[in-house]
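A short worksheet on the structure shown next.
The values are calculated or read from the model by the stated rules, or taken from the named source; none is laboratory data. Everything numeric in this text was worked out from a predicted model, so none of it was measured. So basically every Cβ, Gly included, is an ideal-geometry build from the backbone, and we count neighbours across all protein chains shown. Surface accessibility is based on the protein's heavy atoms, side chains included, excluding ligands, DNA and RNA. Shrake-Rupley method; radii C 1.70, N 1.55, O 1.52, S 1.80 Å.
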Amino acid sequence: MELGIRLPKYLVALAVLCVGSVLLAACAKDEPPAFPKGSWQQRVGKIRAAVKGDEADPAFAATWSGYRSHLQAITGLPVETFEASDYNGVIQAIASGQVDFANMGAGSYANVDTQVGGKVLPFLLIRQAEGNTGYYSALAVRAASPFRTLADLKGKTIAYIDFNSTSGYIYPRRELIKQGLDPERFFAKSIMAGGGTQALLAMMNGRVDAAMITVSAGTPETGFATGNHVSLARRGLINLDEMRIIWTAGPMPNSPYVMRTDRPQAFADVLRGALAMLPYEKPDVWASMGQAPGNDFHPVSRADYADIMAIRAEDISQRRSGSGE
């Protein structure tokens, strides 16, 4: 099953209409939809997604509430989300087949590819209104600190996001090495905060001198409209004037939506089509999920993440050999 190919619009519409006809029949009887014996709906039973996040975070809750309601309306199947406390939880859920699809960072997908190869493939990512399909790593410090450049952080402390985080660990470390810096020796100490929010708060609270965060919707020259710092500021947890970004790395491809390829092809087609139509057919739901006007989905394939997979493989090799210690 090739998940990277764009499905013709008329086939998506036909698939959705076929599902809709079953749902309408069930609604007329005021009972749960009864799908034909042997249909992909009967075989799948329910749609399961793995996500890394916190239900206490309003943005997270709104995003996945939007996906659940939309997918349930389109397919008639219950949608369950498996919430993992860390990146590895999402990796293992999709790699083991506990869930049907997931949204994860490119580095996490590279880890999954190492484990199961073509059993999991990327199929969509979110494209921003300006046409960008990538995002950046950013090194943030407190505005009141004396740190103005990367060189100023020599011998200081840093909070990364997670070993499996593309923007919060894998990619920026590779860029530091390309600049002639050994992250293990350049920084006096590093911690894994578990998320971009936690990394930024650790820095703002003085636990570390700098934090590696994720930013997007912009460039290093123009600034960034979205990111961990913007999300925290909107929640009133930080003041943007109290921090600054002194270094960036990127862009790297946006986090992919990945799917198990051992699911029925009809399921893959309908899922892809249902997600792709969401920004256009339900703009109110799309906006409630925190998406800016003009953002939509863009098809991707395994080849789009080749560079990240190579970086991930090299990082794992170095850690196993001890050369990265």
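Could you tell me the calculated FRET efficiency between ALA306 and VAL230, based on Cβ-Cβ distance and R0 = 30 angstrom, to the nearest 0.05?
Values: r = 30 Å, r/R0 = 1.00.
It comes to 0.50.
Once fully extended, how much extra length lies between THR114 and THR222, figured as 0.36 nm per residue of separation less the alpha-carbon to alpha-carbon distance? Walk me through the numbers on the way to the answer.
Values: separation 108, 0.36 × 108 = 38.88 nm, distance 3.62 nm.
Net length gain for the segment: 35.3 nm.
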What whole-number distance in Å separates the alpha-carbon centres of segment 243-318 and segment 212-234? 18 Å
Pop a pseudo-label 7 angstrom from the Cα along the beta-carbon direction at both ASN239 and ARG68 and give the gap in nm to one decimal. 3.7 nm
Got a sec to turn the phi values of segment 180-195 into Karplus ³J(HN,Hα) couplings, 6.51 cos²θ - 1.76 cosθ + 1.60 with θ = phi - 60°, whole Hz, x for Gly and Pro? x, 10, 8, x, 5, 9, 5, 8, 6, 7, 9, 10, 9, 7, x, x
List the residues, sorted by chain then number, that are 5 or more residues from PHE297 or on another chain and whose placed amide H is less than 5 Å from its amide H. ARG127
Give me the distance in nm between label points sitting 7 Å out from Cα along the Cα-to-Cβ direction at GLN92 and ASP152, one decimal. 4.1 nm
Karplus ³J(HN,Hα) for segment 133-145 (6.51 cos²θ - 1.76 cosθ + 1.60, θ = phi - 60°; Hz, whole; x = Gly/Pro) runs 10, x, 9, 10, 8, 9, 9, 10, 9, 6, 4, 7, 7
Cα-projected label distance for PHE82 with ALA143, points at 7 Å along beta-carbon direction, nm: 4.3 nm
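Carbon and sulfur: what percent of the chain's accessible surface (1.4 Å probe)? Could you put the intermediate results ahead of the total?
Working: 7620 of 14860 Å².
Carbon and sulfur together cover 51 percent of it.
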In whole Hz and in residue order, list the ³J(HN,Hα) couplings for segment 117-130 that follow from phi through the Karplus curve 6.51 cos²θ - 1.76 cosθ + 1.60, θ = phi - 60°; x for Gly and Pro. x, x, 6, 9, 9, x, 9, 8, 9, 8, 9, 6, 4, 7
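Here is the link list: LYS52/LYS154; LYS52/LYS119; LYS119/LYS178; LYS156/LYS178; LYS52/LYS282. Which ones come out longer than 26 Å on Cα distance?
Values: LYS52/LYS154 32 Å; LYS52/LYS119 21 Å; LYS119/LYS178 33 Å; LYS156/LYS178 20 Å; LYS52/LYS282 24 Å.
Result: LYS52/LYS154; LYS119/LYS178 exceed 26 Å.
Counting alpha carbon pairs within less than 8 Å and at least 6 residues apart, what relative contact order, in whole percent, applies to segment 201-287?
Details: 39 pairs, mean separation 11.3, N = 87.
Averaging sequence separation for qualifying contacts and normalising by length gives 13 percent for segment 201-287.
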Debye, to nearest 20: dipole size of segment 213-325, +1 on Lys, Arg Cβ, -1 on Asp, Glu Cβ: 300 debye
Using a simple charge model, +1 on the beta-carbon of Lys and Arg, -1 on the beta-carbon of Asp and Glu, nothing else, what dipole does the chain show about its Cα centre, in debye to the nearest 20? 300 debye
